[in-house]
Amino acid sequence: KMAQDMTEKELLKMELDQLKKEVKNERQMVSKTGKEIKEYIESMAGEDPLLKGIPEDKNPFKEKGGCTIS
């Protein structure tokens with residue numbers, strides 16, 4: 001059911017259900033998690049294809065061959 005087709009009561013119930021789920025999430029301080037995320041990103045940087053590129057022999061999008069118009 002699309003949100004625009006729902007009654008106000010149904011929308012409020014859906015929002016309440018979502019808030020009940022979210023309140024159960026464990027909270028942590030950004031000062032701790034931010035440092036952990038930064039360390040993880042830096043430790044994985046050597047394996048990140050967006051940073052180091054993809055070897056030509058493993059690139060699935062590499063041109064297979066050219067086209068010559070004469």
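The values are calculated or read from the model by the stated rules, or taken from the named source; none is laboratory data. Everything numeric in this text was worked out from a predicted model, so none of it was measured. All accessible areas refer to the heavy atoms of the entire protein, side chains included, with ligands and DNA or RNA removed. Shrake-Rupley method; radii C 1.70, N 1.55, O 1.52, S 1.80 Å.
Descriptive notes on the structure:
- Extension gain (nm, one decimal) between residue 40 and residue 57, 0.36 nm per residue minus Cα-Cα: 3.3 nm
- Over the chain, accessible surface divided per residue gives 104 Å², non-protein components excluded, 1.4 Å probe.
- Using the alpha-carbon positions of region 1-41, Rg (one decimal) and Dmax (whole number) come out as 16.9, 46 Å.
- Of all lysines in the structure, those lying under 29 Å Cα to Cα from residue 38, and not within fewer than 8 positions of it along the same chain, are 21, 24, 52, 58.
- Among the protein heavy atoms of region 8-58, carbon and sulfur supply 59% of the accessible surface, probe 1.4 Å, non-protein parts ignored.
- Option label - Rg/Rh (Cα atoms, Kirkwood Rh) computed here, alternatives [x] 1.33; [y] 1.67; [z] 1.11: [x]
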